[in-house]
Amino acid sequence: MKRPHWLTIAAAGTLLTAMVTALMVPPERVQGDLARVLFVHVPSAWLAYLSFGVTLLGSAMYLIKQDLKWDRLAGASAEVGVFFTGLTLALGMIWGKPTWGVWWTWDARLVLTAVMFFVYLGYLALRRGIDDPVDRAKRSAWLGILGVVQIPLVHFSVLWWRTLHQPPTLLRPDGMQMDAPFRGALFMALFAFTMVYAALVRAHIANAKDEVRLAELIASEEVEVAGAAITAPTLGEVD
Amino acid sequence: MTGFWRQAMAITRKDLRTEVRSGEVLFITVPFGAAALMLIPLAVGVDAPLLQKIGPGMYWSIVLLFGVLVTVRQSATDGPSQRDLLSLLGIDPAARFAGRAMASIALLFTFEAVLAPVALALYGTDPAGWWWLLAVVPLVAIGLGLLGTLASTIASSISSATLVPLIVVPLAVPMLLAATQITEGLRIDATILGWILLLVIMDLLLAVAGVISARPLQEATR
Amino acid sequence: MPGPVVHLQGIGVRIGDTPILRNLDLLVGPGEAVGLIGSNGSGKTTLLRVIATLLRPTSGVGRVLGASLVDDERYDVRRRIGLIGHQPGLYPNLTLEENISFVARVIGEGQSVVGRVLEQVGLGAARHRTASACSHGMQRRAEFARVMITKPDLLLLDEAHAGLDPQAGELVAHLAAGARARGGAAVVVSHEHARIAPLVDRFVELRSGGASDAEATL
C-alpha cells in the first residue's frame, strides 16, 4: 500500500487536535453546547469561500498558461468546495432551528451560500459532461470565472434585498463576546479545516494526474489506427 | 454597416426566421409559461388579495425559468455541419455570439410581452407605474438572453440541453431580485434607480464576457 | 499563388485514445486536384477536416493557403476554403433561397447572385422549398450554389458525388475547375475511384492512417 502523504497525516493530526479542543472548551455563555456547531460551521463557510477563490485562480491561470495543472487545481478545489458549501448550509440550518426557531431564513448570507452551492453544482456537472481534457478545461475555466465574477453581484443584490443575519461575529469588536478559550478553539478549527482542504485538494489532483498518466500509458502503446478495426468482409465463410 | 454587424444581423435574421417557421417559442414555450402561471393559483388556492400580492413575483419567476428554454431552443443550436459552415464562412465568433444573443433577446422580449397580460388577468395585479416596466422588461430580456447564450456556448459540447438551466438560474438571481424589487417599488412608490442600475451593469458585464469568450469557446472542441 | 496550397508534414490526429491519422505527409500544389481514396474508416474525412482548419492536428506541422494549422492565422484563411461534407451544410427549416441568401449576406455579396446561382445549379424552380423537404441530391446542388458564391481557393469535397445524377456530376467538375483556374486546388474524397478519375491529376491513398501515392488511373 502507498504510504499516506505528509499533508494527509498533518491534516489528520491538526483535525484531531482541533476536535479535542472544541470538545474541551467550556460551553458558550449564551448558547451553551449548541455553539460548538460553530467549530464546524464557521470553518466550513470559510472553506466554501476559499475554494471558490481557488477555483477562480485556477481557471484564470489555465486560460493564461494553457497548462492543465491549473485546470486540475480549479476542478479539485470545486469538488472539495461543494462538499463544504453543503456542510455549511446543513449546519447553518441545524444551528438556526434552535436559535432562530426556523430551519431556513431568508437572510443574505444564507441565500448567497445557497446560490454558491448551485453554481458549484452546475460547474461540476459541466466538468462531468465533457470527456476531452482540453475541451473540459477551456469550457469550465470560462464558467469558473463567470460564476465567481457574478458572485459579488449576487451578494450585493441579496444584501440589498434583505439583511437579518447577525453581522460577522469574530471581527466585530463588541461581537458575541466570545471567551478567549472559545475563540482560540475556533481559530484552531479554522486552521485544521484549512489543512484538511489542502490535503483533499492535493489528493484530488493526484488522482487526476494518475488518470492522465494512465491515459498516456495506453496511448503510448502501439495502438492500431481506427481504420484498422475494419476488415474486409468475408462472404461465404459464415457457418 | 461594418462586417461585424452585417454578420451578426445575418445570424439574427436567420435564427428568427428559423424560429418563426418552427414556432417553438411562440407555440410551445409561451403556452407552457402561461400554463405555469395558471398552475400557481390552483396550487395555493384562490385568495384574491394573496394572488394580487404574489402576481409580479410569479410572473418574473416564470419569465426566468421558462425564459431559459427560449435560449436553448432548437433553432439556437447548431449541428456539426452548420458549425463547420459558419466557421468556413469566416464569421467573427463575437458576431456569431452577438447575432445569436440578439435573436434570443427579441424572442425573450416577445415572451415577456405575451405573458404580462396573462399574469395581470390571472392574478388581478395592479399595473402601477407600468411605463417603468417598459425599461425593465427589455433590460431583463437582454440580461437573460446574453446569459443564456453564454451558458449554451459554454455547454455546447454537451449534447443534452438540461445543463444550461442549472448554470443560468443561480447566476440570474440578481436579475430576478431587481425585476421583482422594481415592480414592488413601483407599487409602494419606493426608489428603484439602484435596481435599474444593477440590471444595466449586469447586462454590460455579460455582453463583455460573451464577446471576449466567443473565440476560445467556439474553437474549444477543435 | 506562391507556395503549395496544402503542405502537411508528419500530421497525426488522435481522438481520445484512438489514433485516426499517423505521421501523414501531403503536398498539393497550386492548380492541382488530388483524389483522396481509402477504405471506410481510413481517416479520409478526418484528414479533410484537418485541411479545412476545422480540426487541430495533435502532432506534426502543416500549412494551408499559407497559414499554419495550429496558429490563429488559420482563422484568416477559412473564408477561402469551401467544404462540402457528408452532412449538408444547410439549415433544414430555411428554404433553399434563404439558405443561399444567408451565405451571401454573411460574406457581403449582393442578393442578386442568389437567384442566379440557384438557376445555374438547376434549382430555380425549387428555391422556395425548405431544405428539409428536398432530396439529398437537391441539397447537394444547393451546396454547390453556395460554393459558387464563396468562390473558394481550396475546394474540399467529401463524397460529394454520392447519389448524384450525371448533370450534377458535371457541376462538381465545373467547381473543381474553377478553384484550379483561380490558382487554388481541390481535394476530392471518394471511394469511387472511377467516378472522380476525370476530375483529378493524381490519387493519394490513405492506408492505416498514413498516405501514399496511388497509381493514377487516368
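Quick notes on this structure:
- Rounded to the nearest 10 Å², the accessible area of B:Lys53 at probe 1.4 Å: 150
- Residues with amide H under 5 Å from that of C:Ala186, placed H, sequence gap 5 or more: C:Glu32, C:Ala33, C:Val34, C:Leu155
- Note that segment A:139-153 has calculated 3J(HN,Hα) couplings of 5, 6, 4, 5, 5, x, 5, 4, x, 6, 5, 6, 4, x, 5 Hz, one per residue in order, obtained from phi through the Karplus relation 6.51 cos²θ - 1.76 cosθ + 1.60 (θ = phi - 60°); glycine and proline are x.
- For segment B:169-185, putting each phi into the Karplus relation 6.51 cos²θ - 1.76 cosθ + 1.60 with θ = phi - 60° gives couplings of 4, x, 6, 8, 3, x, 5, 4, 4, 4, 4, 5, 5, 5, 4, 5, x Hz, in residue order, rounded to whole numbers and with x for Gly and Pro.
- Cross-link pairs A:Lys69/C:Lys44; A:Lys69/A:Lys138; B:Lys14/C:Lys151; A:Lys209/C:Lys44 - those with Cα-Cα distance over 24 Å: A:Lys69/C:Lys44; A:Lys209/C:Lys44
- Ordered from largest to smallest accessible area (heavy atoms of protein chains, 1.4 Å probe), the residues A:His41, C:His7, C:His174, C:His161 come out as C:His174, C:His7, A:His41, C:His161.
- Amide H contacts under 5 Å for C:Ala160, placed H, 5+ residues apart: C:Val189
- Projecting the Cα positions of C:His191, C:Ala181, C:Gly124 onto the charge dipole of chain C (unit charges on Cβ atoms of Lys, Arg, Asp and Glu, taken about the Cα centre) puts C:Gly124 furthest along the positive direction.
- In this Cβ point-charge picture (+1 for Lys and Arg, -1 for Asp and Glu), chain C has a dipole of about 320 debye about its Cα centre.
- Theoretical ellipticity at 222 nm over chain B - DSSP helices of four or more residues, -39500 (n - 2.57) apiece, nearest 500: -27000 deg cm²/dmol
- Given +1 at the Cβ of Lys and Arg, -1 at the Cβ of Asp and Glu and no other charges, the dipole of chain B around its Cα centre is 600 debye to the nearest 20.
- Put simply, the amide H of C:Val204, placed in the peptide plane, has neighbours under 5 Å in C:Gly35, C:Leu36, C:Ile37, C:Ala214, leaving out anything fewer than 5 places away on its chain.
- Counting only DSSP beta bridges with both residues in the protein assembly as shown, the antiparallel share comes to about 55 percent.
- For segment C:9-65, convex hull volume per residue from C-alpha positions, Å³: 80
- Applying Stokes-Einstein at 10 °C and 1.306 mPa s to the Kirkwood radius of segment B:3-220, computed over alpha-carbon pairs, gives a translational diffusion coefficient of 89 µm² s⁻¹.
- Based on C-alpha pairs under 8 angstrom that are at least 6 apart in sequence, chain C has a relative contact order of 29 percent.
- Two-decimal ratio, the protein assembly as shown, of alpha-carbon radius of gyration to 2.2 N^0.38 Å: 1.15
- Note, ³J(HN,Hα) from phi for segment B:92-109, Karplus 6.51, -1.76, 1.60, rounded to Hz, x at Gly and Pro: 4, x, 5, 5, 4, 4, 4, x, 5, 4, 4, 5, 5, 5, 4, 5, 5, 4
- Chymotrypsin sites (Phe, Trp or Tyr not before Pro) lying in DSSP loop within segment A:37-104, provided at most 15 other Cβ fall within 10 Å: A:Trp103, A:Trp104
- Considering every alpha-carbon pair of segment B:38-95, the percent of pairs per 10 Å bin, from zero through the bin containing the longest distance, is 18, 29, 18, 15, 14, 6.
- Largest accessible area first, the listed residues C:Arg141, C:Arg63 line up as C:Arg63, C:Arg141 when surface is computed with a 1.4 Å probe on the assembled protein chains.
- Bridging of A:Lys2 to aspartates and glutamates at a Cα separation below 16 Å is possible for A:Asp210, once same-chain residues fewer than 8 apart are set aside.
- Positive end of the dipole of the protein assembly as shown (Cβ unit charges, origin at the Cα centre): among B:Gly99, A:Phe191, C:Ile107, the Cα lying farthest that way belongs to A:Phe191.
- Across all Cα atoms of segment A:26-105, the radius of gyration (one decimal) and Dmax (whole number) stand at 16.8, 53 Å.
- Percent of beta bridges antiparallel (DSSP, segment C:6-214, rounded to nearest 5): 55
- Summed side-chain charge close to A:Leu186 - residues other than A:Leu186 whose Cβ falls under 13 Å, Lys, Arg +1, Asp, Glu -1: 0
- The slack between C:Asp165 and C:Glu192, meaning 0.36 nm per residue of separation minus the straight C-alpha distance, is 8.3 nm.
- Over segment C:6-214: Rg over Rh, Cα atoms, Kirkwood Rh: 0.97
- Per-residue SASA entry for C:Asp165, accessible area with 1.4 Å probe, Å² rounded to 10: 70
The values are calculated or read from the model by the stated rules, or taken from the named source; none is laboratory data. Computed from a prediction, not measured in an experiment: that's the story for all the values here. When we count neighbours, we look across all protein chains shown, and the Cβ atoms used for this are built from the backbone with ideal geometry, even at glycine. The area values use the complete protein model at the heavy-atom level, side chains included, leaving out ligands, DNA and RNA. Shrake-Rupley method; radii C 1.70, N 1.55, O 1.52, S 1.80 Å.
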